[in-house]
Every structure is written in structure tokens, then in C-alpha cells.
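The values are calculated or read from the model by the stated rules, or taken from the named source; none is laboratory data. Just so it is clear, the structure is predicted and the values come from calculations on it, not from any experiment. Reconstructed Cβ throughout: ideal geometry from the backbone, glycine too, with neighbour counts over all protein chains shown.
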Amino acid sequence: MPWTTETIVVASDDQVSTVVGGDVVILGMRDGIYYGLNQVGVRIWELVRSPRRIDDLITLLTSEFDIDAASCERDTIALLGDLAERGLVHEARGSG
Amino acid sequence: MAVRGHRAPDVAISVVPSLPAPTQPVSLRYQTPRQSDGSSTLRILDDAAGITHFVYSDGTLIAVDTRGVPVNILAVIAPGQTLDDLAVYLVGPVLGFVLRRLGILALHASAVDVSGAALLLIGASGSGKSTTAAALAQRGHRFLSDDLTALTFGALHIEACLAFDHLRLWPESEELLLGERGILERITPSWEKLRFTSDAAEYPVRLGALVLLDWSDTAVTSELVPPSEALLSLAAHSYSNYTLTPPDKAVELTQLGELVRCVSTFRVVRPRRGAQLADFCELLVGLAA
């Protein structure tokens with residue numbers, strides 16, 4: 001089922017990451033591939049290290065960055081979907 | 001014989017007529033892309049006893065046991081080949097594999113000591129690592145390693161380790177650097193690469209700069225690479241990365257993160273023509289400082 005703003009997401013255990021120069025580099029342990037995140041992506045990654053509802057993420061991001069809610073929701077869900085496809089985040093069932 | 005001041009060896013290599021059969025079952029760790037006849041140049045297999053087997057299509061067989069100290073290597077020279085041919089495999093893919101199994105970061109890089117700071121010349125095969133190192137050696141800078149550079153992480157700084165007593169050049173590089181061909185000797189009769197000797201460094205040297213080599217037909221340029229981008233590029237050029245397991249890669253991520261936090265990375269574009277080699281070397285010397 002596609003994720004909505006009510007979905008709770010969390011970083012997967014199948015990854016390790018490090019912060020360098022303000023960016024995040026994530027290693028997917030499932031595929032052994034490195035991924036890079038910058039700017040807003042770094043903040044999203046920081047926030048989903050513990051379970052978060054997507055609408056909470058959007059509220060925080062729109063207060064911290066110069067971005068409107070509609071664009072933020074679309075881009076955040078898209079990014080989280082990409083990360084989920086690579087096994088880096090997943091839905092935290094029963095956490096909320 | 002014990003030599004005073006020298007510690008016990010880390011690696012013991014024995015050249016043997018044949019290898020014991022791998023303990024079954026055997027799993028494939030890596031193989032090079034298949035050729036048109038369906039064969040692979042190299043297959044790396046792990047047997048059930050924990051020994052890793054390098055099986056080359058030319059008949060070279062190498063069994064690596066990293067379970068204890070020293071690392072024990074048994075090697076069979078391929079029919080018609082020499083110890084020098086075997087050594088090419090041992091100081092390349094096999095050494096790289098052993099280093100990475102031991103948790104030592106190694107990069108696809110040549111290293112040169114520029115006034116007490118190691119310059120790491122990083123790139124894929126054919127990117128000009130050895131040629132550039134030789135060009136710097138011609139200008140009085142001692143080289144530390146060729147093609148494979150191991151790094152040690154100390155409390156104060158990261159050092160490039162010493163390796164090899166020569167650089168390996170293609171004939172085109174011989175012509176570029178020495179003005180003509182036929183001066184240098186081949187490393188082995190069956191391989192085109194040539195042995196370039198020069199003063200080698202005598203001690204490990206702290207890292208000064210990391211250089212990602214690139215080609216162009218234009219002038220020499222350099223740019224500072226942001227740390228996260230540098231990390232991703234270095235991961236692509238870490239030695240023997242195709243043999244790493246996910247836990248090994250997690251160690252690598254930590255090491256690369258520390259590396260790019262401590263040392264600046266530059267992308268340097270160099271000309272294909274030799275005419276600008278002097279400018280190129282001058283720029284590199286400046287980066288090391």
C-alpha cells in the first residue's frame with residue numbers, strides 16, 4: 001500500500017551511515033551499495049533514525065526549510081519511497 | 001633464522017606443485033565477467049574450511065587461509081609461467097584481498113612522498129597512476145607504492161604504507177617519460193608492463209592529499225571534492241572491494257569517513273598529451289603541501 005502522511009517510517013537495521021561534511025553517506029547492507037543524501041535529505045535521515053509519522057516530518061521540515069507543505073509532502077514521500085526500495089527505511093508497524 | 005629487530009611475518013607464502021582439494025561445499029565469492037567462451041579470468045571461491053581459492057583461467061591457483069597468523073598462502077605457478085608471473089597475482093589481487101580481510105583499508109592508488117606528505121594518486125586501470133608517480137619520481141619525489149596503497153589509521157594522522165621497489169609502466173608511458181621505447185625491461189616475459197625503478201621511500205608517510213585522476217584534452221585543472229562525494233568516489237576505488245562482505249563494507253564506510261574528514265580530496269584533470277606534464281606535476285606538488 002502506498003505511504004500516506006499518516007504512515008510511520010523508521011530507518012532499517014540493514015544499513016550503516018556516516019556524516020561527512022554535512023552530508024550523509026548510507027551503506028545498504030542488503031545490496032552493499034553506497035547512497036548519498038544532502039541538504040533536506042540529511043535532516044529527513046536524521047529524523048527517521050527513530051520512528052516518525054510522515055506528517056510530523058513535513059511539519060518539522062516546513063518549519064526548518066524554505067519549502068511549502070505540498071511540495072514537501074510530495075518530495076518527502078518520494079524520497080522515503082526510494083529509500084524503502086533500497087531497504088534503507090521501512091514502515092514501523094504498530095509503533096504509533 | 002631470526003633477524004634482530006624484525007617481527008614475525010604477517011604472511012607466509014609457499015609455492016607448491018599442487019593444492020589440496022577445497023573442502024566441500026564451496027561458495028562463489030566473486031568472478032570476473034564471463035568471456036565469449038563462457039570462462040572467467042578469475043574466480044574466487046570460499047571453501048567450507050574457511051580457505052579462499054583464487055582460480056585463474058591461465059592455470060594459476062592460490063589458496064589463502066586468513067584464519068590465523070601468519071596468513072598462510074599456497075600457490076601453484078601456471079604451466080609455462082614463472083615465479084615473476086605468480087608474483088604479479090600475489091602483490092595485486094591476493095595482497096589486496098588479504099589486506100581487506102584483515103580490516104586494512106587499501107585503495108587503487110599509487111603514492112608518492114612529496115616533501116613529507118603522501119600524495120595518493122587514485123583511479124581505475126589506465127587512469128595514469130603509475131605514469132604520474134613516475135613523473136613525480138623523475139622530479140625527485142620518492143614513491144611509496146604502485147597501484148595498491150594500504151593505509152594505517154594512527155592517533156595523530158593517517159599514513160600511506162610502503163610497498164614495492166618499482167613502478168609498473170606501459171610502453172607508451174616509457175616513451176612519454178623517457179622520450180623513447182626499449183629502455184626499460186619487462187617485469188615478466190608474458191606481460192607488456194615495464195619495470196621503472198627510482199628512489200623509494202623508506203618509511204610510511206602521513207597523507208597530504210587524495211587525488212582522483214581524470215583525463216582531458218584541455219589544460220590541467222583541479223577542484224576540491226566535497227567530502228561525501230569524495231567518500232563515494234573512494235569507495236568505488238577501494239582495492240578488492242568486489243570481495244568484501246557486508247560487514248567488511250561497514251568497516252570500510254567508517255574508514256572512508258575518517259579518511260575524507262582528515263584529508264582533502266581533489267579531482268585533477270590531466271592532459272593526454274605529455275607537453276603539459278610539467279604543469280601537472282607542479283600542480284600536484286602544490287596540492288600535497
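Could you identify the single residue in A:SER50, A:SER12, A:SER71 that is out of contact with any helix residue (DSSP H, G or I) (no Cβ under 8 Å at 6 or more places or on another chain), among the hydroxyl-bearing types (Ser, Thr, Tyr) and within 14 Å of chain B (Cβ to nearest Cβ)?
Working: A:SER50 fails: within 14 Å of chain B (Cβ to nearest Cβ); A:SER71 fails: within 14 Å of chain B (Cβ to nearest Cβ).
Just a single option satisfies the conditions, and that option is A:SER12.
Checking the conditions here, which among B:ALA200, B:ALA150 is touching a residue at least 12 places away in the same chain (Cβ under 8 Å), of a type in the set (Gly, Ala, Ser) and closer than 15 Å to B:LEU107 by Cβ? So that I can check it myself, show each step before the final result.
Details: B:ALA200 fails: closer than 15 Å to B:LEU107 by Cβ.
Selected residue: B:ALA150, the only one of B:ALA200, B:ALA150 that is touching a residue at least 12 places away in the same chain (Cβ under 8 Å), of a type in the set (Gly, Ala, Ser) and closer than 15 Å to B:LEU107 by Cβ.
Looking at the stretch B:222-248 only, could you name the residues that are in contact (Cβ under 8 Å) with a residue 12 or more places away in the chain, at the interface with chain A (Cβ under 10 Å from one of its Cβ atoms), closer than 13 Å to B:GLY103 by Cβ and not acidic (Asp, Glu)?
Listed by number, the list holds a single entry, B:LEU244.
Take the residues in the stretch B:38-72 that are among the polar types (S, T, N, Q) and surrounded by fewer than 16 Cβ atoms within 10 Å (Cβ to Cβ); name whichever of them is modelled with the lowest pLDDT.
The initial filter retains those residues of the stretch B:38-72 that are among the polar types (S, T, N, Q), namely B:39-41, B:52, B:57, B:60, B:66, B:72.
From what's left, surrounded by fewer than 16 Cβ atoms within 10 Å (Cβ to Cβ): B:39, B:41, B:57.
Numbers: B:SER39: 68, B:THR41: 91, B:SER57: 93.
Across the stretch B:38-72, the extreme among qualifying residues is B:SER39.
Could you say whether any residue in the stretch B:103-110 is within 27 Å of B:LEU213 (Cα to Cα), among the hydrophobic types (A, V, I, L, M, F, W, C) and part of a loop (DSSP other than H, G, I, E, B)? Full working, then the answer.
Pass one, the stretch B:103-110, residues within 27 Å of B:LEU213 (Cα to Cα): B:103-110.
Now restrict to residues that are among the hydrophobic types (A, V, I, L, M, F, W, C): B:104-107, B:109.
Pick out the ones that are also part of a loop (DSSP other than H, G, I, E, B) and you get B:104-105.
Yes, the stretch B:103-110 contains at least one residue that is within 27 Å of B:LEU213 (Cα to Cα), among the hydrophobic types (A, V, I, L, M, F, W, C) and part of a loop (DSSP other than H, G, I, E, B).
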